[in-house]
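The values are calculated or read from the model by the stated rules, or taken from the named source; none is laboratory data. Please read these numbers as outputs of a predicted model, since none were measured by experiment. Cβ coordinates were reconstructed from backbone atoms using ideal geometry, including for glycine residues, and neighbour counts include every protein chain displayed.
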């Protein structure tokens, strides 16, 4: 009995000792945190870890999944705490759980970029840390915020689809920091040892970008370049703010389309040219070969159509298929005309002279047409 009462007493003392700690304050409905003062020397550290970049091959969209960790000071919060809660025992508050963090973030102002996207799929907070540290740059204690978000969203690609499947895809994430002034931000600032917030003459945004992790969904594309560029954005009133573009450039792996589309279609078209080696008397055999090849070409095009993006632009692959249709249909037409010409002029021999000329001319013009037309489309923007 005595031991139980003792434990209750210890728990009572412990709870009361920490009843005014930082987490309790932040979760209190009546507690309001002062706004952030963004002045000279203010700094923001942003770390981006890209988890997945998924390119939708059948559309012009990409899906991004990444973790974003942001860290920055709040001098007003430090003054407010020192004045109103001088006996605060806790020097930090670490919270987990999206619901709890979202409730706290309704009462405090954080530096969070606006991300332009077509569709937000996920935006969850992993943790929020409000903490006090001694900053050697200012020789005093500062309060700061650090939080991490898990984000996933869809954005529109910049694509040269007319070159498909020899195209490149450029896509980017646009981070717009509307709370900061463009002219006061210094980029690529390296924090000095012991300088917790990188206090300097101007504001800083430090970017630490990670390498892109290859995903099984990215087999169709190869990452050839990625990085961060800064742009100056302007409000209606004329004030400017920084926008950071985290861009990615992908090149489509063309091997699949060469092996599964281009080579089989070329084989079918060349097979249709075999009618020029069939004797004129065997018109049924000529028509069977040419029509079967044309139907096989149409059927094969329907079979691979699911792997081709649904776009309105005329692409290199579209041009290639149309030229193949034309020459395959031409072999059918020439088989009929050659037989008609052979019977009309009562030619002697097994082959019409036209057939003999087309044995070399048809394949040569077919390949030449593909090169000329596809090269022209490739040069178009």
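Summary table
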{"quantity": "Evaluation of residue 2 against (1) modelled with pLDDT under 80; (2) surrounded by 18 or more Cβ atoms within 10 Å (Cβ to Cβ) (one fails), failing number", "calculated": "(2)"}
{"quantity": "Every pair of residues 6+ apart whose Cβ atoms lie under 6 Å, when the first sits in segment 97-112 and is over 12 Å from residue 26 (Cβ atoms) while the second is surrounded by fewer than 16 Cβ atoms within 10 Å (Cβ to Cβ)", "calculated": "98/124; 109/35"}
{"quantity": "Residue among 220, 206 that alone is modelled with pLDDT under 85, under 23 Å from the mean Cα position of the chain (by Cα), more than 30 Å from residue 56 (Cα to Cα) and surrounded by 15 or more Cβ atoms within 10 Å (Cβ to Cβ)", "calculated": "206"}
{"quantity": "Residue count for segment 65-97, restricted to those that are surrounded by 15 or more Cβ atoms within 10 Å (Cβ to Cβ) and either in a strand (DSSP E or B) or modelled with pLDDT of 85 or more (or both)", "calculated": "12"}
{"quantity": "Single residue of 310, 222, 230 found to be over 29 Å from residue 48 (Cβ atoms) and outside any helix (DSSP H, G or I)", "calculated": "310"}
{"quantity": "Pairs where the first residue, in segment 346-361, is assigned by TED's automatic domain parsing to the domain that holds residue 275 and the second is surrounded by 14 or more Cβ atoms within 10 Å (Cβ to Cβ) and modelled with pLDDT of 85 or more, C-beta under 7 Å, 6+ apart", "calculated": "355/276; 358/276; 359/276"}
{"quantity": "Any hit, segment 355-367, residues being in a helix (DSSP H, G or I) and at pLDDT below 85", "calculated": "yes"}
